[in-house]
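The values are calculated or read from the model by the stated rules, or taken from the named source; none is laboratory data. On a predicted model such as this, the values are computed, not experimentally measured, just so you know. Here the Cβ positions follow ideal geometry from the backbone for every residue, glycine too, while neighbour counts run over all protein chains shown. In case anyone asks, the SASA skips ligands and DNA or RNA and just uses the protein heavy atoms, side chains included. Shrake-Rupley method; radii C 1.70, N 1.55, O 1.52, S 1.80 Å.
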Amino acid sequence: MRKIVPLNFDWRFTPDYQERYLDPEFATSGLQNVMLPHSLVELPFNYLSDERHQIVGTYFRDLDIEKSIPDHIFSLYFYGVMNTCKVYLNGEKIGYHQGGYTPFEVAIETALIKESPNRLVVVVDGSETPNVPPFGGVVDYLGHSGIYREVELRTIPLIHIDNLKIKPYEPPSLSEFEIVINYEFDLKNRADYPLEAKITVYDDDKLVYEEQKELQPSESLQGGFLLENITRWSPEVPKLYELEIKIYKSQTEIDCVRERFGCRTIKFTPEGFTINNKKLKLIGLNRHQSYPYVGYAMPRRMQELDAEILRQELGVNIVRTSHYMQSDHFLRRADEIGLLVFEEIPGWQHIGDDKFKELSCQNLRTMIDHHFNHPSIIMWGVRINESPDDTPFYQLTNQIASDLDDTRPRGGVRNFAGSEFLEDVYTYNDFIHTGNNQPLASPRKIAKAAVPYLVTEHNGHMYPTSKTADEKTRVEQALRHIRVIDKACSDSRIAGAIGWCFADYYTHKEFGANDRICYHGVMDMFRLPKYASYAYKSQRVDRPILEVLGSMTPGEHPQSTLPETIVFTNCDYIKFYHNDYLIGKVYPSWQLFPDIKNPPVIIDDLIGDQIAQSEPYKKGVARQIKSVLLAFSRFGMAMPLKYRLLAAKLMLFNKITMAEATRLYGKYLGNWGDGSGVFVFEGYQNDKIVITKKIAQPEQFFIKARAEHQTLVHKDTYDVTRVVISKVDENDNILIHASDVITVETDKGLDVIGPRNISLIGGETAFYVKTIGFKGQSKIKLKAYGHPETQLIITVE
């Protein structure tokens with residue numbers, strides 16, 4: 001029988017390599033004790049050198065194999081080691097792997113000493129080795145180093161099931177409640193005598209299908225059956241089933257494999273994308289898997305959290321794993337919550353020599369075989385991101401993908417028009433939008449033919465925006481994203497648009513800001529929202545959303561101007577109040593955004609009829625005064641000529657003095673004086689108020705903290721949660737200019753990843769805590785100058 005033992009605790013580590021480390025008797029007691037996932041180097045938050053993580057480090061672990069098990073084989077399975085590594089057991093080299101994004105397995109039989117301690121040594125080279133994808137040219141992301149995913153010891157029967165592939169298929173005659181499930185698998189070390197197989201399908205714990213068959217030595221290891229009364233897997237209803245295959249010899253079980261799958265069909269055409277024969281516009285974001293301080297080295301819960309933020313907070317329905325294969329944990333969670341995935345091979349613009357191409361082909365094979373049964377994956381990326389055409393190379397990658405998987409389409413991401421089209425879907429990075437022009441290019445102009453077409457990147461480097469950028473910049477980034485989404489929704493020839501990108505990330509000196517961060521995300525590196533994230537969040541339908549882009553403060557803008565107020569919402573309309581006075585009912589701007597599901601609300605009148613109601617002017621004069629005040633508020637002294645002429649007319653014929661104009665501006669727009677400047681936004685759905693937002697000049701200030709999870713589990717490896725800290729006012733609005741320093745203290749059960757003194761960035765920040773082995777309740781204490789101490793309780797099981 002199979003046995004999987006996690007090997008993520010009790011490693012010793014040193015950030016160098018010496019030949020004497022390979023001696024099984026080398027004493028490791030004085031070395032650092034680490035847990036996996038692990039990074040060779042802990043990084044600063046920003047301002048780091050490109051070479052800091054590119055070192056060689058050595059990991060040690062002693063293995064005890066309890067007893068010899070007949071007719072079984074032992075192996076080590078590494079889910080990800082960055083970038084190259086050599087594996088030794090008892091001084092003997094047993095494995096070598098190049099490339100940090102694919103898992104690999106190392107047989108240990110030849111060097112294994114059973115029933116005795118075995119010294120495992122893994123030498124990891126974090127160098128960005130040329131001709132090991134994605135490296136060799138410049139790359140717009142860091143390749144972080146270390147054993148950054150989990151490791152396990154596998155004990156598997158000599159005759160065992162391998163590479164089980166489950167292929168849902170829908171013949172034309174079936175209803176939506178039926179599907180054909182085809183399957184195939186390999187049987188390693190297959191015997192020359194008959195075996196029996198039992199195939200079962202479970203809906204949770206309920207048996208929904210069962211069959212038994214005899215496997216003759218020469219018989220093909222595949223089959224198929226009709227599954228009835230099913231629920232289709234989709235982003236809205238991500239229903240999962242499990243298929244189990246057991247192999248017997250003379251009624252004695254030899255091996256068993258159980259895999260999850262979803263009953264769904266997908267198709268790309270020149271008219272868009274369908275899932276289960278229903279059209280779906282794909283709107284999503286690209287994801288890098290890096291985190292502050294530790295690079296790629298985060299365990300299961302944080303990988304899952306990224307999927308949850310994308311699907312459940314931002315509401316997107318697709319993610320592109322840019323630009324490499326990503327964590328099993330992330331993909332499993334995507335399966336569970338209905339997040340579609342476009343997964344691609346490692347690379348960034350550069351195509352190397354024959355060795356590079358050979359490794360790329362192996363990456364492709366591993367990616368498809370390893371992640372085949374994830375229903376969330378709807379397309380394989382078979383081309384190096386934004387690389388030039390290379391006909392022989394890409395004919396080969398397309399053939400490999402087609403041979404391995406005939407159920408999914410292939411894409412190849414390029415960034416120039418007229419690229420050779422060898423795949424099933426023309427996937428294109430479209431950066432045409434610069435703010436005042438068209439949001440997306442014409443698919444026919446780019447692809448030169450009527451073919452399936454998906455935008456795989458947009459915005460990003462065209463308008464980098466940090467959390468501390470000025471308000472105008474942060475709003476413009478959001479508007480650029482919403483414009484592209486609207487355009488993608490308007491054109492049936494575009495299957496969808498995947499924005500660049502989900503979160504800010506570390507990069508090389510050739511890219512990003514001078515602190516080595518690419519501020520291209522709609523969230524920051526801690527996955528905290530920027531205004532641009534609300535462009536996606538507002539398209540949700542599961543709960544009310546109302547996000548005001550701005551602080552309603554003229555002083556945030558040049559010349560104290562106050563531009564249009566943008567509200568991202570999924571409400572039917574908004575009622576807007578100023579100092580308890582109803583300015584008006586405002587509807588989504590369908591004229592500017594006619595095709596998106598939930599257009600933003602644009603408020604360009606902050607006065608309403610207050611002047612007519614409260615001042616001693618005739619209605620016509622009051623309207624003219626309002627027009628001039630609103631124009632001055634928006635344009636300052638550069639307001640258009642017609643408003644300057646109107647202002648002169650009011651002063652000449654209506655005796656409006658400069659003092660009176662100043663008073664009116666201060667009262668109705670400048671918010672001068674006690675008790676002024678309170679804005680309330682009420683969101684309505686079906687004529688019922690469902691959400692309210694209040695913005696005023698802050699008078700009270702609070703440090704607010706929340707842990708993403710209150711219970712952590714220290715089991716197969718350590719566990720991690722994110723703690724978010726913000727400084728807010730009495731209306732729970734984040735104070736964007738706050739940069740308070742927070743001191744973090746933890747007791748015996750938790751450790752902080754990164755520094756314990758951190759400053760707010762744009763009014764908020766986050767940090768990560770990890771378990772260290774203690775079970776029970778642990779405290780986190782947060783201290784900030786001038787504020788009461790905040791405590792959080794985390795339970796570790």
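Here are the numbers for the structure shown:
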quantity	calculated
Strands (runs of 3 or more DSSP E) (entirely within the stretch 709-760) containing at least 2 residues that are basic (Lys, Arg)	720-729
Lone unmet requirement of (1) in contact with a Gly (Cβ under 9 Å, 6 or more places away or on another chain); (2) buried (at least 20 other Cβ atoms within 10 Å of the Cβ); (3) at negative phi for Pro554	(2)
Failed item, numbered, when Tyr17 is tested on (1) at pLDDT 95 or above; (2) open to solvent by less than 80 Å² (accessible area, probe 1.4 Å); (3) in a loop (DSSP other than H, G, I, E, B)	(2)
Strands (runs of 3 or more DSSP E) contained entirely in the stretch 264-370, each with at least 1 residues that are in contact with a helix residue (DSSP H, G or I) (Cβ under 6 Å, 6 or more places away or on another chain) and among the charged types (D, E, K, R)	none
Only listed residue being in a strand (DSSP E or B) and under 20 Å from Val294 (Cβ atoms), chosen from Phe767, Phe702	Phe767
Failed criterion for Ser68 (all others in (1) more than 20 Å from Gly146 (Cα to Cα); (2) polar (S, T, N, Q); (3) in a strand (DSSP E or B) hold)	(3)
Meets criteria (in contact with a helix residue (DSSP H, G or I) (Cβ under 7 Å, 6 or more places away or on another chain), assigned to a strand (DSSP E or B) and farther than 23 Å from Phe104 by Cβ) for Ile378	no
Residue within the stretch 1-14 that is among the charged types (D, E, K, R) and over 26 Å from Gln303 (Cα atoms) present	yes
Residues of the stretch 59-88 satisfying the condition of being under 27 Å from Arg516 (Cα atoms) and polar (S, T, N, Q)	Asn83, Thr84
Looking only at the stretch 362-393, and only at residues there that are open to solvent by 10 Å² or more (accessible area, probe 1.4 Å), within 23 Å of Asp140 (Cβ to Cβ) and free of Cβ contacts under 8 Å to residues at least 40 places away in the same chain, the one that is farthest from the chain's Cα centre (by Cα)	Asp390
Odd one out for Val713, checked against (1) open to solvent by 20 Å² or more (accessible area, probe 1.4 Å); (2) farther than 30 Å from Ile691 by Cα; (3) of a type in the set (Val, Ile, Thr); (4) free of Cβ contacts under 8 Å to residues at least 40 places away in the same chain	(4)
Selected residue [crowded, with 18+ Cβ neighbours inside 10 Å, more than 26 Å from Val678 (Cβ to Cβ) and over 42 Å from the mean Cα position of the chain (by Cα)] from Leu641, Leu629, Leu645, Leu650	Leu650
Strands (runs of 3 or more DSSP E) wholly inside the stretch 166-226 that include at least 3 residues being at negative phi and surrounded by fewer than 12 Cβ atoms within 10 Å (Cβ to Cβ)	206-215
Residue pairs meeting the criteria (Cβ under 6 Å; at least 6 apart or on separate chains; first under 29 Å from Trp11 (Cα atoms), in the stretch 151-178; second of a type in the set (Phe, Trp, Tyr))	Val151/Phe78; Glu152/Tyr77; Arg154/Tyr77; Thr155/Phe74
Residue ranges of strands (runs of 3 or more DSSP E) in the stretch 531-621 with at least 1 members closer than 28 Å to Lys649 by Cα and of a type in the set (D, E, K, R)	none
Odd one out for Val484, checked against (1) in contact with a helix residue (DSSP H, G or I) (Cβ under 7 Å, 6 or more places away or on another chain); (2) open to solvent by less than 10 Å² (accessible area, probe 1.4 Å); (3) touching a residue at least 40 places away in the same chain (Cβ under 8 Å)	(1)
Unique residue being closer than 22 Å to Asp486 by Cβ, among the aliphatic types (A, V, I, L, M) and modelled with pLDDT of 95 or more when the list is Ile400, Ile432	Ile432
Complete set of residues in the stretch 583-595 that are open to solvent by less than 30 Å² (accessible area, probe 1.4 Å) and out of contact with any Phe, Trp or Tyr (no Cβ under 9 Å at 6 or more places or on another chain)	Ser589, Phe593
Check on Thr765, surrounded by 19 or more Cβ atoms within 10 Å (Cβ to Cβ), closer than 28 Å to Lys530 by Cβ and either out of contact with any helix residue (DSSP H, G or I) (no Cβ under 6 Å at 6 or more places or on another chain) or hydrophobic (A, V, I, L, M, F, W, C) (or both)	yes
Tabulated pairs, the stretch 395-420, first on the phi > 0 side of the Ramachandran plot, second part of a loop (DSSP other than H, G, I, E, B), C-beta under 8 angstrom, 6+ apart or interchain	Gly418/Lys448
Residues that are open to solvent by less than 30 Å² (accessible area, probe 1.4 Å) and either at pLDDT below 95 or not aliphatic (A, V, I, L, M) (or both), drawn from the stretch 292-314	Pro292, Tyr293, Gly295, Tyr296, Pro299, Gln303, Asp306
